[in-house]
1. Considering only residues that are surrounded by 18 or more Cβ atoms within 10 Å (Cβ to Cβ), within 15 Å of the ligand (Cβ to nearest atom) and not aliphatic (A, V, I, L, M), which ones fall in region 153-171?
2. Pairs please, first residue from region 141-157 and over 13 Å from SER81 (Cβ atoms) and free of Cβ contacts under 8 Å to residues at least 24 places away in the same chain, second anywhere and part of a loop (DSSP other than H, G, I, E, B) and acidic (Asp, Glu), Cβ atoms under 9 Å, 6+ apart in sequence or on different chains.
3. Which one is farthest from the ligand (Cβ to nearest atom) among residues in region 371-429 that are over 13 Å from GLY289 (Cβ atoms) and of a type in the set (Asp, Glu)?
4. Checking GLY95 against (1) within 11 Å of the ligand (Cβ to nearest atom); (2) at positive phi, which single condition isn't satisfied?
5. Please indicate, with yes or no, whether at least one residue in region 12-28 is farther than 23 Å from ALA142 by Cα and either touching a Lys or Arg at 6+ places or on another chain (Cβ under 8 Å) or not acidic (Asp, Glu) (or both).
6. Taking into account only those residues within region 277-301 that are surrounded by fewer than 23 Cβ atoms within 10 Å (Cβ to Cβ) and among the charged types (D, E, K, R), which is nearest to ILE406 (Cα to Cα)?
7. Here is a list of conditions, (1) buried (at least 21 other Cβ atoms within 10 Å of the Cβ); (2) within 16 Å of the ligand (Cβ to nearest atom); (3) touching a residue at least 40 places away in the same chain (Cβ under 8 Å), and MET128 meets all of them except one; can you say which number that is?
Amino acid sequence: MAGQEEYDYREMWGSLGMDVEAHDGLLAAVGQMYGDMFLTQGNRPKSTSYLDFVASNIHSGRIRELVEGREAGDPKKVVGSFCLYVPEEIISAAGAVEVGLCAGAEWAPEEAEKLVPRNTCPLIKGFMGFKLASVCPYIETADLVVGENTCDGKKKAYEEFGKLKDTFVMDVPHVRNEDTRQQWRNEVKRLAGRIEELTGQKITEESLRAAIKLANQKRLALKRLDQTRAADPVPISGLDCLLTIQAAFMDDSVRLTGAINDMAQECEARVEAGEGVAPKGAKRILYTGTPMAVPNWKLFNIIEKSGAVVVGEECCTGSRYYKDLVPEDGATIDDMLNDIADRYLNIQCAIFTPNDGRKEDVLRMARELNADGIIDCSLQFCTLYDMEATGMELAARDAGIPYMHISTGYSADDEGQLKTRIEAFLEML
Ligand code: BJ8
């Protein structure tokens, strides 16, 4: 970005109402983790330099783009979200941009615990702490936050979060039938109305069609990259693929799609040449479970530093983000909104009952990506994913795929114990 060197980011953060000194501490800690985990990987594809760019730019240049873009009226507004059920197409068709606000680190837990119980999942406690300590430039830049009634923890946390920030909560059904499909379609239209009101810009047939295509292009690029991971040796690490999806929640869609296609192209060439990020025959792990928000790289780092490689992610920071496209041939705005609603209702989150599609996806991915084992992880105190672990283990056992369940939080305290358990699991594969 032109003039980046001279630009005073600390002044920008201050003008957003952030605690600049506390934020310095956060950036230093994340920068250290990035160096230790990502930059120590051997033989990364060269095109992953995009990820290094994202990592160094995400709280600075990208926020500057959003702030300056808003001043220039493109995008008109910034909309934050915490969940995959919030359709990005609707937000961009009305002239705004969606950014992900999920927190992957513990921050100011003592402040967060004044508003949510101590035994709340770290993702929820994390975003409450980030807001209360004013250290997240995305939360502070957002003109509106869209929450969703998914798990009980988030549902109740938004009641408190909404007192700190303008928040619109979508009601997500927990079962799939014709009644709830209609209810969800109406809810998606209610969101469209709220975003139009926020930006003062009507969604048109043209803008909605363009937004659907833009999101689909991003998903297709991610699918293309994903397909290269079936090869042995694997051309790209799970850590880098995880960061690619994490970046998708924050970076500009066109830039990101171009970068992912570059990565996919390089990985295709690597597959052709038999070049990998890990040696041929390295144990291959399919991850499933709760989402991993930036900078929650702990588990993938342990798995890959133990000599295995993560070849796929069945989660919201993985395949659920990109596997299904929205049809591009809806004839009217109403048809397109219904198509969007239907695509999002099909996301296999554990808030749904029954949720057998998730098990089917995990087994299909394990087969397609030639996984040797499945690691299923739930964030501490996430009852939903903990409960689904029972059925997931049975399904994996019936399919003859070794399976391991982990429950962990954001702290590094259990790293030694996790490493021991994961190494023992890898031994038996
Ligand atoms: S669509 S997975 S992003 S709800 S880990 S906060 S469920 S207690 S994140 Fe999620 Fe949307 Fe579902 Fe995906 Fe609650 Fe569990 Fe915490 Fe969770």
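1. GLY153, LYS154, TYR158, PHE161
2. Listed pairs, sorted by first residue: ASN149/ASP171.
3. Among those residues, the one meeting the criterion is GLU427.
4. (1)
5. yes
6. Across region 277-301, the extreme among qualifying residues is LYS298.
7. (3)
Results for (1) under 23 Å from ARG190 (Cα atoms); (2) among the basic types (Lys, Arg), shown as yes or no for each residue.
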residue	(1), (2)
ARG44	no, yes
SER47	no, no
ARG70	no, yes
VAL86	yes, no
ALA94	yes, no
VAL97	yes, no
LYS114	no, yes
CYS121	no, no
PRO137	no, no
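Read the figures in this text as sums done on the coordinates, not as results from a lab. Note that the structure is predicted; figures quoted are calculated from it, not measured. Reconstructed Cβ throughout: ideal geometry from the backbone, glycine too, with neighbour counts over all protein chains shown.
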